[in-house]
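Colleague: The structure under discussion is supplied below as structure tokens; questions concerning it will follow.
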Amino acid sequence: MQICSRAISTFTTPILFRRTMPTQTSRKVTKSVFAIEQKEGAGAVVRRSIGSPALRNLTPFLMLDHFIIRKGAGFPDHPHRGQSTVTYMLEGKVQHEDFAGHTGTIGPGDLQWMVAGKGIMHAEMPLHEEGRPDPQGLQLWIDLPAKDKGIEPLYQEMSSSEITTVRPSPDVEISVISGESHGEKGVVRPVGGCWYLDFKLKSKGAKVFQPLPKGWTSFIYLLSGALTVGGQSEVQNAFHTLVLSADDGEDGVWLEAAEDGLTRGVLIAGEPLKQHVVQYGPFVTTSVDEARQAVMDFQNAQNGFERAKHWRSEIGKPLTNRMVR
């Protein structure tokens, strides 16, 4: 949801929940990063972990924001190139509109998976309803393989009713967005390797084992409750991103709720990309020259941004008009 940045940063860069035998080895937490609140977009507030100074190089992941959009705030018209953006709603509703003609509204448990490819311009704005909570959700940025950075933009929108939920035990529930869990496959078929699971452990001591692909980067973002990982004694708390080890000898990860009440988080894994990353705000390339070209292409409405020249979203107009006064 980041709209702009003034600095270039550079750096190189089958899931099944099931009852298991004790011989299965678990990944451990190698780094825990608290997501600190900061302002982003036009008055919105986000908790950023991936993409912050404390956690910048986690290929293929570029950014993770836990956002809340109060009245008078939002993310009006802005571009992207070279990455996918995944928006997963927790509360409230958000509207989307882009220059390729995609429009939609997503609410709790709904998902928007947008592949920017060679270029897209869009707006993401809250839909506030009387008596309903302010829109809140997660947005993840995923780097695209170099060979896919020039593809046409793609857009997938999934309602919560389309996302399969599995219950391997009475106190464990998993929504399978992409990848596999307990024999079920997610509805999203992403460009590049990425699996995305929303897990709920409903009582203290509830636990589950999650196999993970060998060599893939994986992390947990904990939304509520407390958790122990891989048999480690340290208790992990809400609003932390937990980077997991990636040893080839580890089969997956054990998750266990450490307190009463609901423990909820997302478990995400992605195939590392062996490519250089240059990020200039919403443009993600593999070289500084390509990043500069992306800025020029957007400014000149060329090479994928032709439709940006005269396009203005309807949903972003009220906020944009206030910003330019």
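Every residue, every condition in (1) outside any strand (DSSP E or B); (2) closer than 24 Å to Val188 by Cα; (3) of a type outside the set (Asp, Glu); (4) in contact with a strand residue (DSSP E or B) (Cβ under 6 Å, 6 or more places away or on another chain), yes or no:
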residue	(1), (2), (3), (4)
Val46	no, no, yes, yes
Gly72	yes, no, yes, no
Tyr88	no, yes, yes, yes
Glu97	no, yes, no, yes
Gly104	no, yes, yes, yes
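Colleague: Could you please tell me which pairs satisfy a Cβ distance under 7 Å, a separation of 6+ or placement on different chains, a first residue in segment 270-291 that is closer than 11 Å to Leu144 by Cα, and a second residue that is assigned to a helix (DSSP H, G or I) and of a type in the set (Gly, Ala, Ser)?
Modeller: Gln275/Ala146; Thr285/Ala291; Thr285/Ala294; Thr286/Ala146
Colleague: Taking into account only those residues within segment 161-176 that are under 18 Å from the mean Cα position of the chain (by Cα) and open to solvent by less than 10 Å² (accessible area, probe 1.4 Å), which is farthest from Ala116 (Cα to Cα)? Write out each step before concluding.
Modeller: Residues of segment 161-176 that are under 18 Å from the mean Cα position of the chain (by Cα), as a first pass: 163, 174-176.
Of the ones still in play, those that are also open to solvent by less than 10 Å² (accessible area, probe 1.4 Å) are 174, 176.
Working: Ile174: 28, Val176: 23 Å.
Restricting to residues being under 18 Å from the mean Cα position of the chain (by Cα) and open to solvent by less than 10 Å² (accessible area, probe 1.4 Å), the top hit is Ile174.
Colleague: Among (1) open to solvent by 30 Å² or more (accessible area, probe 1.4 Å); (2) over 25 Å from Gly261 (Cβ atoms), there is one condition Trp141 misses while meeting the rest; what is its number?
Modeller: Every listed condition holds for Trp141 apart from (1).
Colleague: Of the residues Gly117, Gly101, Gly131, only one is on the phi > 0 side of the Ramachandran plot and open to solvent by less than 10 Å² (accessible area, probe 1.4 Å); which?
Modeller: Details: Gly101 fails: open to solvent by less than 10 Å² (accessible area, probe 1.4 Å); Gly131 fails: open to solvent by less than 10 Å² (accessible area, probe 1.4 Å).
Only one candidate passes the filter, namely Gly117.
Colleague: Something else about it: Identify the residue in segment 125-153 that is small (Gly, Ala, Ser) and more than 19 Å from Ser178 (Cα to Cα) and, among all such residues, is farthest from the chain's Cα centre (by Cα). Outline the logic, then answer.
Modeller: Taking segment 125-153 as the starting set, the residues that turn out to be small (Gly, Ala, Ser) are 131, 137, 146, 150.
So of that shortlist, the ones also more than 19 Å from Ser178 (Cα to Cα) come out as 131, 146, 150.
Working: Gly131: 27, Ala146: 19, Gly150: 21 Å.
The qualifying residue farthest from the chain's Cα centre (by Cα) is Gly131.
Colleague: Scan segment 126-150 for residues that are more than 25 Å from Ser224 (Cα to Cα) and assigned to a strand (DSSP E or B) and report the count.
Modeller: So the answer is 1.
Colleague: Hey, among the residues in segment 177-204 that are more than 28 Å from Ala100 (Cα to Cα) and modelled with pLDDT under 95, which one's least open to solvent (accessible area, probe 1.4 Å)?
Modeller: Of all residues in segment 177-204, those more than 28 Å from Ala100 (Cα to Cα) come to 180-185, 197-204.
Add one more test, that the residue is modelled with pLDDT under 95, and what stays is 180-185.
Working: Glu180: 41, Ser181: 0, His182: 82, Gly183: 57, Glu184: 78, Lys185: 121 Å².
The extreme case among them is Ser181.
Colleague: Let me ask something additional. Name the single residue, out of those in segment 38-73 being open to solvent by 30 Å² or more (accessible area, probe 1.4 Å) and of a type in the set (S, T, N, Q), that is nearest to Ile268 (Cα to Cα).
Modeller: Looking at the filtered set, the residue picked out is Asn57.
Colleague: Could you grab me the full set of residues in segment 281-303 that are open to solvent by 10 Å² or more (accessible area, probe 1.4 Å), assigned to a loop (DSSP other than H, G, I, E, B) and closer than 24 Å to His102 by Cβ?
Modeller: Passing the criteria: Ala301, Gln302, Asn303.
Colleague: Turning to a different aspect of this structure: Are any residues in segment 222-271 crowded, with 17+ Cβ neighbours inside 10 Å, under 22 Å from Glu91 (Cα atoms) and either among the β-branched types (Val, Ile, Thr) or over 22 Å from the mean Cα position of the chain (by Cα) (or both), and if so, which ones?
Modeller: Thr241, Thr263, Val266, Ile268
Colleague: OK, next. Please specify each residue of segment 144-160 satisfying the condition of being open to solvent by less than 50 Å² (accessible area, probe 1.4 Å) and charged (D, E, K, R).
Modeller: Scanning segment 144-160 gives Asp148, Lys149.
Colleague: Identify all residues within segment 304-318 that are open to solvent by less than 50 Å² (accessible area, probe 1.4 Å) and part of a helix (DSSP H, G or I); write none if there are none. I'd like the intermediate steps shown before the answer.
Modeller: So the first thing to find is which residues in segment 304-318 are open to solvent by less than 50 Å² (accessible area, probe 1.4 Å), and the list is 304-305, 308, 311, 313, 315-316.
Correct list: Ala308 only.
Colleague: Ok, one more. From the residues in segment 36-64 that are in contact with an Asp or Glu (Cβ under 6 Å, 6 or more places away or on another chain) and not basic (Lys, Arg), which one is modelled with the lowest pLDDT? Give the derivation first.
Modeller: Here is the first cut: in segment 36-64, the ones in contact with an Asp or Glu (Cβ under 6 Å, 6 or more places away or on another chain) are 45-48, 60, 62.
After this cut, where a residue has to be not basic (Lys, Arg) as well, the list is 45-46, 60, 62.
On the way: Val45: 87, Val46: 92, Pro60: 97, Leu62: 97.
Result: Val45.
The values are calculated or read from the model by the stated rules, or taken from the named source; none is laboratory data. Only a predicted model underlies this, so the values are computations on that prediction, with no experimental measurement involved. For neighbour counting, all protein chains shown are included, and Cβ atoms are generated from backbone atoms with ideal geometry for every residue, glycine included. Calculation scope for accessible area: heavy atoms of the full protein, side chains included, ligands and nucleic acids excluded. Shrake-Rupley method; radii C 1.70, N 1.55, O 1.52, S 1.80 Å.
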